[in-house]
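Reading through the C-alpha cells given below for one structure.
The values are calculated or read from the model by the stated rules, or taken from the named source; none is laboratory data. These numbers come from a predicted model, not from an experiment. When we count neighbours, we look across all protein chains shown, and the Cβ atoms used for this are built from the backbone with ideal geometry, even at glycine. We work out accessible area using only protein heavy atoms, side chains counted, and drop any ligands, DNA or RNA first. Shrake-Rupley method; radii C 1.70, N 1.55, O 1.52, S 1.80 Å.
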Amino acid sequence: MFVPHVGEIKQLNNDTDQLFDIGENVTVADAAKIMSYNHVGCLTVFDENRKFVGIITERDMLSKVLAKSFSPKNVLVSDIMTSAVLSCTPQTSITEAESIMDEHKIRHLPIVENGKAVAMLSSRDLIAYRLKSNKDMQVAAEQLAMLPTGLKNLEPDDVASLAVHEVPKSFAAQNAVLCIANKNRSKPFVYANNCNAPHKQLINEAHTDIPQDIRIQIDTACSGCSEQGCALTKLLIPLSVNTEQDETFSGFLCMCRPTEPDEKPDNSQLYKASLLRQVLNINLTNAMLYKNYIDARHDSETDPLTGVGTRRFLENVLKAECSRSARFSRTFCVAIIDVDHFKKINDTAGHAAGDETLKNIAELISKNLRETDMIVARYGGDEFVLVMPETPIEGGHALLERIRRQAGNISIPSLGSLTISSGLAEWNPEPADTPESIMQRADNALYKAKRNGRNQVIAEMLENAAV
C-alpha cells in the first residue's frame with residue numbers, strides 16, 4: 001500500500017514554508033523582524049559552526065519574553081529557543097508527522113536529513129497537503145478559509161465571540177457554546193449563542209476529562225437545547241489551551257443544529273471540525289498569552305494601593321512628553337504633591353489611616369484631572385506626581401490650588417483636616433528639559449513649600465513668567 005511521506009509535501013504544495021534560519025547569538029528583536037518580513041512563525045537556529053541546534057517560534061517570544069515584560073532587544077535567541085527539538089525525516093509518513101505534532105502540541109516540525117535541517121514542516125503545510133490530496137475535502141476547508149484572518153485579533157473575548165457566532169454558520173448550526181476552564185481559576189470562560197445550558201453544568205463538563213476525539217451525535221443535545229423541544233445533531237469539539245505558564249485550560253466548543261431523520265454526518269464535517277480544532281487551539285492559546293502579557297504590564301504600571309500609575313509608568317510618560325514637547329514646541333507642567341506630616345498620621349492614627357489617606361488623595365487628584373491627557377502617579381511613600389500636557393504654569397498653579405483647598409475636606413482621626421504641599425515646574429524649551437531636570441525643579445519647589453510652612457503651592461518660575 002502506498003504511504004505518502006513528508007518529502008512529498010514540498011512537491012505538492014507550492015506554499016510550503018521556506019526554511020529560514022538565524023544564529024543563536026542574535027537578539028530576539030532581530031528574529032522577530034525576520035519572521036515578520038518573511039511571514040513565517042518559526043526559525044531554525046544554528047551555532048557558530050553552522051550546526052543546527054534548535055528552533056525559535058512566535059509562541060516562545062510571547063510566553064518567554066513579552067509575557068514577562070522583557071525587552072526583545074536584550075534577550076538572545078539562545079536564551080529562549082527550544083533546543084530539545086523533535087524532528088522528522090523526508091521519509092517520515094505524513095500520518096506519523098501529524099501524530100507527533102498533535103501529541104506534543106507543536107505547530108512546527110523540522111525536517112532533518114544527514115544531521116542538517118533541510119525544511120520546516122508546519123501545521124499549515126499538513127492542512128494544505130490534505131486539501132490538495134483529497135478534493136472531496138476542499139469544499140469543507142474553503143468554508144473555514146476566512147477564519148484565521150478573523151482570528152488574528154488577540155483579544156480572548158473577540159476570538160471566543162467569533163467562535164460561537166460565525167463558526168456555527170459553516171456547520172448550519174443554530175446553537176453554540178464555548179467553555180474553557182482551569183481548576184485554579186475561579187472564573188471560567190463561557191460564551192454562548194442561543195444555548196441555555198446552565199453554566200455550572202458546562203463548567204463541570206469542562207473540568208471532566210473530555211474524550212479527545214471529535215464527536216458527532218445524532219438526536220443528542222445539551223440540556224438547554226433539549227428543553228426547547230428540538231431534535232438535534234450535536235457536534236462536540238474538545239479544546240486544550242496551554243499558556244506555558246503552568247496553566248492549562250481544557251474545554252470544548254459544542255454546536256447543535258436541526259437535522260432530518262435520514263441525514264447522516266459525512267467525513268467532510270469531521271475533517272472541517274478537525275481543521276477548526278487546530279485553528280481554535282492555536283488562536284485561543286495566543287490570545288491567552290497576550291492577555292497574560294497585558295495583565296502583567298498593567299500590574300507593573302498600576303500602584304496596588306491607590307490605583308494610580310507607578311514610578312515606572314511615570315518615567316515612561318515623562319520621557320515621551322519631553323520628546324513630544326521638544327518636537328512640536330509645546331509646553332507642559334510637572335507637579336509633585338506631598339502629604340504634610342504623613343509620618344505623624346501613621347504614628348498617631350495608624351498605618352491603616354495612612355493608607356486610607358493616600359487613597360483619598362489619589363482619588364481627589366484624579367477627579368480634578370482632564371481625563372484625556374493628564375496623568376497621576378505615586379512617586380514615593382506619600383508623594384504623587386502630576387504630568388499636565390498642554391498646560392502653562394498659570395494653569396498648573398490654579399489646578400494645584402484647587403486640589404489643595406479640596407484636600408482640607410479630608411479629615412484624619414485625632415488630627416483634624418489634611419493639608420498638602422506642592423512643587424510645580426514648567427517645561428523649559430531652551431535648552432530642552434530632560435525628565436530628570438524638570439523633576440528636579442519641581443522637587444526644589446516642593447522643598448521651598450515645605451520650608452515656608454507647608455499647605456501651599458510653590459511654582460519654580462521661568463524667566464519672564466508670572467503666576
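Remarks
- Residue in the stretch 325-333 that is in a helix (DSSP H, G or I), under 23 Å from SER366 (Cα atoms) and free of Cβ contacts under 8 Å to residues at least 60 places away in the same chain present: no
Results for (1) touching a Gly at 6+ places or on another chain (Cβ under 6 Å); (2) closer than 15 Å to ASP340 by Cβ; (3) at pLDDT below 90; (4) of a type outside the set (A, V, I, L, M), shown as yes or no for each residue.
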{"position": "GLU401", "(1), (2), (3), (4)": "no, no, no, yes"}
{"position": "ARG405", "(1), (2), (3), (4)": "no, yes, no, yes"}
{"position": "PRO413", "(1), (2), (3), (4)": "no, no, yes, yes"}
{"position": "ALA425", "(1), (2), (3), (4)": "no, no, no, no"}
{"position": "GLU430", "(1), (2), (3), (4)": "no, no, yes, yes"}
{"position": "GLU436", "(1), (2), (3), (4)": "no, no, no, yes"}
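- Filtered residue count, the stretch 78-94, keeping only those that are under 15 Å from ALA119 (Cβ atoms) and without any contact (Cβ under 8 Å) to a residue 60 or more places away in the chain: 3
- Qualifying residue in the stretch 415-423 (condition: on the phi > 0 side of the Ramachandran plot and open to solvent by less than 70 Å² (accessible area, probe 1.4 Å)): yes
- Residues that are touching a Gly at 6+ places or on another chain (Cβ under 7 Å) and open to solvent by 20 Å² or more (accessible area, probe 1.4 Å) within the stretch 347-377 comprise just one, ILE375.
- Residue within the stretch 301-311 that is more than 30 Å from GLN406 (Cα to Cα) and not charged (D, E, K, R) present: no
- Residues satisfying the stated conditions in the stretch 140-159, i.e. surrounded by 21 or more Cβ atoms within 10 Å (Cβ to Cβ) and at pLDDT 75 or above: VAL159
- From SER414, SER421, residue being out of contact with any Cys (no Cβ under 6 Å at 6 or more places or on another chain), hydroxyl-bearing (Ser, Thr, Tyr) and part of a loop (DSSP other than H, G, I, E, B): SER414
- Qualifying residue in the stretch 436-451 (condition: within 35 Å of the chain's Cα centre (by Cα) and touching a residue at least 24 places away in the same chain (Cβ under 8 Å)): yes
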